[in-house]
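The values are calculated or read from the model by the stated rules, or taken from the named source; none is laboratory data. In this text the structure is predicted, and so the values were computed from the model without any measurement. Using ideal geometry, Cβ is built from the backbone for each residue, glycine included, and neighbour counts are taken over all protein chains shown.
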Amino acid sequence: MSTIAPQTALIYVMVTMSAVDNSMNDKELREIGAIAQHLPIFRDFSPERIIPVARECASILQEDGGLDAVLGLIKDALPFALRETAYALAVEIAASDLNVGQEEMRLLQLLRDALDIEKLVAAAIERGARARYMTI
């Protein structure tokens, strides 16, 4: 049995991606809020819960083995049908500041492995984000 709700797990994914480079910038935080307000999976998720859930996730991440703990919670909470959604949200947050660093790339790899995301599916999700965030 999962200890967190699927929507909470999706917030954890986005917060973890934002925090992985030790810099949760305003652009990424605004993107998390926008996603949580607009995607159908968050229909019954109160926007007022975003900050407390983000703090909860950040607290776990600061503990020894925190990243592994968060990835385990995410995997346990998400039904198979939402695992690609979780990966897509991680990619969105990584791409939102137009700078995907090595830490973010490594977390995406860990997330792919933890959620059993197929390589071609991951590549398609990543390519879609590149297209959305392309600038001239």
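Numbers for the structure displayed
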| item | result |
| --- | --- |
| Whichever residue in the stretch 103-124 is within 21 Å of ILE32 (Cα to Cα) and touching an Asp or Glu at 6+ places or on another chain (Cβ under 7 Å) and, among such residues, is surrounded by the most Cβ atoms within 10 Å (Cβ to Cβ) | GLU104 |
| Filter pass, ILE117 being at pLDDT 95 or above, in a loop (DSSP other than H, G, I, E, B) and in contact with a Leu (Cβ under 9 Å, 6 or more places away or on another chain) | yes |
| Options GLU48, GLU28: the member that is farther than 24 Å from LEU110 by Cα, in a helix (DSSP H, G or I) and not β-branched (Val, Ile, Thr) | GLU48 |
| Residue satisfying condition, being among the acidic types (Asp, Glu), more than 15 Å from the chain's Cα centre (by Cα) and closer than 25 Å to ARG130 by Cα, within set ASP21, ASP26, ASP44 | ASP26 |
| Pairs, first touching a residue at least 24 places away in the same chain (Cβ under 8 Å) and over 17 Å from VAL13 (Cβ atoms) in the stretch 115-136, second exposed (fewer than 11 other Cβ atoms within 10 Å of the Cβ) and among the aliphatic types (A, V, I, L, M), C-beta under 8 Å, six or more apart | TYR133/LEU98; THR135/LEU98 |
| Of the criteria (1) assigned to a helix (DSSP H, G or I); (2) more than 22 Å from GLN109 (Cβ to Cβ), which one ILE11 fails | (2) |
| Pair list, Cβ under 8 Å, 6 or more apart: the stretch 51-72 residue farther than 23 Å from ARG30 by Cα, other residue surrounded by 13 or more Cβ atoms within 10 Å (Cβ to Cβ) and of a type outside the set (Ser, Thr, Tyr) | GLU63/ALA69; GLY66/ILE60; ALA69/ILE60; GLY72/ALA114 |
| The stretch 64-102: number of residues that are surrounded by 15 or more Cβ atoms within 10 Å (Cβ to Cβ) and assigned to a helix (DSSP H, G or I) | 23 |
